[in-house]
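Scroll down for the structure; my scribbles are underneath it.
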């Protein structure tokens, strides 16, 4: 099986600390959001630290960690937000 390309989008503090708003990962087929978060946590301390409070969306729809991603999907990693 060949790897599939997954687009990652970061927002707010994540983008600030990582230094970019997007990146592309090559992941194995049958990858889940949780697997992507594992990979990103290994690469970026801020994701490792904030992981328990992060949300994820695939192609603009919030999804649970066990959601399977597909070639070309965009996975948005969203930190907690507060409003006033």
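State all residues of region 35-47 that are in a helix (DSSP H, G or I) and surrounded by 14 or more Cβ atoms within 10 Å (Cβ to Cβ); if no residue qualifies, say none.
Pass one, region 35-47, residues in a helix (DSSP H, G or I): 35-43, 45-47.
Listed by number, the residues that qualify are 35, 36, 37, 38, 39, 40, 41, 46, 47.
Looking at 25, 54 in this structure, which one is within 10 Å of the chain's Cα centre (by Cα), closer than 17 Å to residue 3 by Cα and surrounded by 11 or more Cβ atoms within 10 Å (Cβ to Cβ)? Explain how you work it out, then say what you get.
Working: 54 fails: closer than 17 Å to residue 3 by Cα.
Residue meeting the stated conditions: 25.
Suppose the filter is within 14 Å of residue 14 (Cα to Cα), at pLDDT 95 or above and in contact with a strand residue (DSSP E or B) (Cβ under 9 Å, 6 or more places away or on another chain); does residue 77 pass it?
On the way: within 14 Å of residue 14 (Cα to Cα): yes; at pLDDT 95 or above: yes; in contact with a strand residue (DSSP E or B) (Cβ under 9 Å, 6 or more places away or on another chain): yes.
When the stated conditions are applied, residue 77 passes them.
Assess whether residue 65 counts as being in contact with a strand residue (DSSP E or B) (Cβ under 9 Å, 6 or more places away or on another chain) and touching a residue at least 60 places away in the same chain (Cβ under 8 Å). Can you show your working first?
Numbers: in contact with a strand residue (DSSP E or B) (Cβ under 9 Å, 6 or more places away or on another chain): yes; touching a residue at least 60 places away in the same chain (Cβ under 8 Å): no.
For residue 65, the condition - in contact with a strand residue (DSSP E or B) (Cβ under 9 Å, 6 or more places away or on another chain) and touching a residue at least 60 places away in the same chain (Cβ under 8 Å) - is not met.
When region 14-34 is examined, which residues are found to be part of a helix (DSSP H, G or I), touching a helix residue (DSSP H, G or I) at 6+ places or on another chain (Cβ under 7 Å) and in contact (Cβ under 8 Å) with a residue 40 or more places away in the chain?
14, the sole residue that qualifies.
The values are calculated or read from the model by the stated rules, or taken from the named source; none is laboratory data. All figures in this text were calculated on a predicted structure; none of them were measured in a lab. Positions of Cβ are backbone-derived with ideal geometry, glycine not excepted, and every protein chain shown enters the neighbour counts.
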